[in-house]
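Here the structure comes first, spelled out in structure tokens, and everything after it is commentary.
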């Protein structure tokens, strides 16, 4: 029994068994993933190094030349003034009005102050001034349009012809065609009030401008004969007075359609009678008065033709004949409704 036990082999582990197999090689997908991770790590490291180098270079440049780029931009003088406007003001007027200092840069300019200079003329309704680096100043304007002209006394006592816009703004005007200015009607019946370097706006210009625009567009043959428009009775009676080569005084109702009043005026002018006064503002009512048959009644005053006998010397025994003013009378007429006053 003991002999057999002595002959048994010693106990051994599986680790003692010789391994004849080779380790399994890494798959293709595994190798690709390992390479991608390595590449990402390398790219990240290189990026960080480049960023650090860039920061260091910028810091060194700023230490050596503080404010270098901004100083270069701010020291560049203005080379161009770009202008955009809906009116007649040109580049020369804007350059002269802005009066930029010689060799001034964009950053040195006070844009609000430049805008105030442009608005001071009165001809400019709105202005926008902007910088466009490195050397361009942009100016955008909206201009007023004159509707009448007026003679005004300046601070030095001299009188000058000025223009008045639809909103009542009084200004000298620049760049307008002289022929257009000469065609404007004169304004009367107003008192200009001056404050410092400008006149206050004229009140009541809106209805007057509307009448002038309607006459110019719808009845240009009538507008061409108009010389003066007065606002003297606008506030008290709601009437506009026009002086024309065809009649000394034409009264319009500011509360009644101007088109209809121009049509009536055109019919009266076509009668060929010498007219002195025409009152189209009958009763200052909201509508024209009519007769029972539907015709209108417009009070007119005929101009008195010169008496040939007045040029002859009167006999000594004869007393001078008393002069009488022509009395107004009503002219009844009716007319069809037409689109153009000239067609009536």
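When only Cα pairs below 8 angstrom with a gap of at least 6 residues are kept, region 175-280 shows a relative contact order of 21 percent. Sorting 165-174, 27-36 by their mean Cβ neighbour count within 10 Å, with the most densely packed peptide first, gives 165-174, 27-36. The calculated FRET efficiency for the pair residue 112 and residue 156, based on their C-beta separation and a Förster distance of 30 Å, comes to about 0.50. Computed on region 77-205, with alpha-carbon pairs under 8 angstrom and 6+ residues apart, the relative contact order is 22 percent.
Normalising the average separation of contacting C-alpha pairs (under 8 angstrom, six or more residues apart) by the number of residues puts the relative contact order of region 74-143 at 44 percent. Extension gain, residue 54 to residue 176, is 38.0 nm, computed as 0.36 nm per intervening residue step minus the present C-alpha separation.
Region 244-263 and region 108-144 have Cα centres separated by 41 Å. Neighbour counting of Cβ atoms within 10 Å sorts the residues 227, 214, fewest neighbours leading, into 227, 214. Computed from label points 7 Å out along Cα-Cβ, the spacing between residue 33 and residue 120 is 7.9 nm.
Extension gain for the segment residue 82 to residue 186, taken as residue separation times 0.36 nm less the Cα-Cα distance, is 33.9 nm to one decimal. Between residue 273 and residue 235, residue separation times 0.36 nm minus the direct Cα-Cα distance comes to 10.5 nm. If a spin label sat at a point 7 angstrom from the Cα of residue 259 along the line to its beta carbon, the backbone N atoms of region 218-233 nearer than 20 Å would be those of 218-224.
The simple Förster model, with R0 at 30 Å and r as the Cβ-Cβ distance, assigns residue 249 and residue 145 a FRET efficiency of 0.65. Only beta bridges with both residues in region 74-143 are counted; by DSSP, about 60 percent of them are antiparallel.
Counting beta carbons within 10 Å around each of 259, 199, 252 and listing the fewest first gives the order 259, 199, 252. Each peptide in 121-132, 80-91, 137-148 was scored by the mean count of other Cβ atoms within 10 Å over its residues; highest first, the order is 137-148, 121-132, 80-91.
A short reminder: the numbers here are calculations on the coordinates, not readings from a lab. Given the structure is predicted, the values throughout are model-derived calculations rather than measurements. A quick note on method: Cβ atoms are made from the backbone with ideal geometry, for glycine too, and the neighbour counts reach across all protein chains shown.
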